[in-house]
Amino acid sequence: MSEYKLYGQVAQYILQNKDSHKEEYRNIIRRFLNRATYGYTEELVDKVEKVGLQEWLNTQRDEEKTVISERAHIFTDLYCDHPKEKRKMKICKTIDKKSFEGLLWQTALDAPDQLRQRVAFALSQIFVVSGPGISRGVTVRYRFLAAYHDMLVEHSLGSFRDLLKHVTLHPTMGQMLGLNSSSKANEEKGTFPDENYAREVMQLFTIGLVKLKMDGSVLTKGGVAVETYTQKDVEEMARALTGWRGGSYDESIWNHKPLKAKASLHDTGSKVILGKEIPGGNANQDLNHVLDILCEHPNTAPFISKALIKMLVQSNPRTKFVEDIANVFVDTKGDLFAVVSAILLHDDALLDIGPRYRRSAENDRFGKVKEPLMCVTNACRSLGMTYAKETERYKGLNMAGIGQSFYGSPTVFNFFEPDFAPKGEVTNKKLIAPEAELLGVISVKRYENLCWKLVTTYEKNYRNNNSPGWDIKPFKKALDVDEENNWESGPFLDLIEKRFFMGTMSFSLRNRLTRHIERAQKSQDEVTRAALIKEVLYLSIISPEFQTFEHEVVNWNIWKKESKELIELMEAGGDV
């Protein structure tokens, strides 16, 4: 029996006997929530423990949507004021940016619809728009991005076809990829339809560059990958998508209206796209044909399914995992809630083997590197970051230099290549670690600096009733002293383990943190309890272990000793 199956059987046993293995079950919940949200909290773990995983997903689907467009203008109106008009304009642009980023951070930290927000963030890295992408040499109007974000939130758990339509007609995407200026060919002027969106809607948003099997593996012919589309398909797609213009914003509430068709600019001739003929028609008719062709294409289900698995769970999913999710996509006609639920509840996610027990190539496929932004949101939610005042909710965190920010991708191709593999062990094993492309000497150092600020400046904020901030008192309560006035590290590290490491910190990291506390005790310099707590928290959130989605549900060695009969049964080939 493979070790993966053995470990999976144990995790399955915990799920079936959660009443007698409460803490191990809570570890499963913590890991589940760390993928389904911007970071789990113990309060949220309690809720899921009461209702169950599937029911929590159902309640998240029905949770009221948290949008930022309706509130961002409040902060602009509040702080955008100066007697000199030019100075006022400069202030307004600055507040626009702060309002946008601050409200996104607020949403990540405390929005009740965490699943919807987390999936929207994943989708924002597939259907990419960004400040740099829409600036075109002028100051970015962040209300454009706010409206686009709200659109993704609105449709993140709905129909994929509806989502694709709203992405296509959103004025921010129109600005990003030029669809809002594409017109039918004019031979006299020597102009042709813009091919930018036509190409990317196939390459990045739906079918990809090469044909796939349902399990996500590449279809080859004579040992060569088969391309999904040709340049002729791009040209025909561009013709079908001509004539879209406009798209306006309500300045008072940062809302938007989609692009509208302008009949005189649309190519009404017949087209052939991906082998499907589109009869001559108006812009709306052609768009509906395009959406049908792309959403029903055999590549779309495995392409989007694999992309979401990689964003939420694993960088190197097994082909069976991809095929199972792709079948859900097809069976539900692209119901994203069903697809996301299937991903998060799949055996390869729930029963995922941890990093310390790898003895076969199969086990190397599990887990992923966290994106820098997710590391920060996880840390903030684990610390219990809050906002003291409503008027300070526009304050975000300065992410400059760590390699990632909300809607800050330099191009439509996102922050990192989807198949990036760092040289060394990952490449040698023919695996990928896309997020690792963001890990450079400078970005890692700046991430560490930001983490120090999180545990120091923001704790001080809380004491001074400023925002954002976190309360150190629960950690102080956990770090007590014994009769000889020595720090008792056990309860303190137990709390960190539960809050930051899904209940399963590795032995090596725990030992390092224990030794740090012991050295502080023996130091000639007096170290306060608060200072020591901040040091240990800092070392925890900059550790490689915190920056990956790989943790065991149980302590494997202890489990084998305590569950000898179960282990013997499974090693003999039996099932739970």
In region 130-185, trypsin sites (Lys or Arg not before Pro) in a DSSP loop with at most 14 other beta-carbon atoms within 10 Å: ARG136
With GLY334 itself left out, Lys, Arg at +1 and Asp, Glu at -1 over residues whose Cβ is under 14 Å from its Cβ give -2
For the pairs LYS18/LYS498; LYS257/LYS306; LYS50/LYS476; LYS221/LYS320; LYS370/LYS423, flag any whose C-alpha to C-alpha distance is greater than 20 Å. LYS257/LYS306; LYS50/LYS476; LYS221/LYS320
HN-Hα J in Hz across region 102-107 - Karplus 6.51, -1.76, 1.60, θ = phi - 60°, x for Gly and Pro: x, 5, 5, 5, 4, 4
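Quick one: grab the alpha carbon gyration tensor of region 164-284, order the square roots of its eigenvalues as a ≥ b ≥ c, and give me rounded if a/c is under 1.5, else prolate or oblate depending on whether a/b is larger than b/c.
On the way: a/c = 2.52, a/b = 1.48, b/c = 1.71.
It comes out oblate by the Cα gyration axes.
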Under 5 Å, built H, 5+ apart or other chain: amide partners of SER270: GLY280
Over its alpha-carbon atoms, region 423-486 yields an Rg and a Dmax in Å of 19.4, 55
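Report the calculated FRET efficiency for VAL210 and GLU49 (r = Cβ-Cβ distance, R0 = 51 Å), to the nearest 0.05.
On the way: r = 43 Å, r/R0 = 0.85.
The formula returns an efficiency of 0.75 here.
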Looking at region 172-230, which GluC sites (Glu not before Pro) are DSSP coil and have at most 15 other C-beta atoms within 10 Å of their C-beta? GLU187, GLU188
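For LYS189 and ALA122 in the same chain, what is the full-extension length gain: residue separation times 0.36 nm, less their Cα-Cα distance, in nm? Could the numbers behind the result be given before it?
Working: separation 67, 0.36 × 67 = 24.12 nm, distance 4.14 nm.
Once the chain is fully extended between LYS189 and ALA122, it gains 20.0 nm.
With +1 on each Lys and Arg Cβ and -1 on each Asp and Glu Cβ, how big is the dipole of region 475-536 about its Cα centre, in debye rounded to the nearest 20? Each step should come with its number before you reach the end.
Working: 11 positive and 11 negative charges, 81 e Å.
Here the size comes out at about 380 debye.
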Report the normalised scattering of region 479-551 as log10 I(q)/I(0) at q = 0.15, 0.26 Å⁻¹, calculated by the Debye formula with identical scatterers on the alpha carbons. -0.48, -1.29
Using amide H atoms built 1.01 Å from N in the peptide plane, name the residues 5+ places from THR548, or on other chains, whose amide H lies under 5 Å from its own. LYS370
Under a crude label model (7 Å from the Cα following the beta-carbon direction), how far is LYS522 from GLN285 in nanometres? 8.4 nm
Find how much the distance from LEU345 to GLU64 grows on full extension, using 0.36 nm per residue of separation minus their present alpha carbon separation; answer in nm with one decimal. 98.9 nm
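Report the semi-axes of the equivalent ellipsoid for region 368-557 in whole Å, largest first, where each axis is √(5λ) for an eigenvalue λ of the Cα gyration tensor. Don't jump to the answer; show the numbers that get you there.
On the way: eigenvalues 187, 109, 38 Å².
For region 368-557, the ellipsoid semi-axes come out as 31, 23, 14 Å.
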How long are the three semi-axes of the equivalent ellipsoid for region 380-477, computed from the Cα gyration tensor as the root of 5 times each eigenvalue, in whole Å, largest first? 34, 17, 11
If you plug each phi of region 208-224 into the Karplus form 6.51 cos²θ - 1.76 cosθ + 1.60 with θ = phi - 60°, what whole-Hz ³J(HN,Hα) values come out, in order, with x for Gly and Pro? x, 7, 10, 5, 10, 7, 4, 8, x, 6, 7, 7, 10, 9, x, x, 10
Report, in debye and to the nearest 20, how large the dipole of region 192-338 comes out about its Cα centre when Lys and Arg carry +1 and Asp and Glu carry -1 on their Cβ. 240 debye
Mind checking Rg over Rh on region 117-365, alpha carbons, Kirkwood formula for Rh? 1.01
Of the trypsin sites (Lys or Arg not before Pro) in region 366-463, those whose Cβ has at most 14 other Cβ within 10 Å and which sit in DSSP loop: LYS389, LYS423, LYS429, LYS430
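Send over a whole-number figure in Å² for the accessible area per residue of region 368-557, probe 1.4 Å.
Values: 8930 Å² over 190 residues.
Per-residue accessible area for region 368-557 comes out at 47 Å².
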At what distance in nm do the modelled label points of VAL441 and GLU154 sit from each other, each positioned 7 Å from its Cα along Cα→Cβ? 4.7 nm
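The values are calculated or read from the model by the stated rules, or taken from the named source; none is laboratory data. It should be emphasised that the depicted structure is a prediction, and the values quoted were computed from it without experimental measurement. Backbone-built Cβ (ideal geometry, glycine too); neighbour counts: all protein chains shown. What goes into the accessible areas is simple: the full protein's heavy atoms, side chains included, and nothing from ligands, DNA or RNA. Shrake-Rupley method; radii C 1.70, N 1.55, O 1.52, S 1.80 Å.
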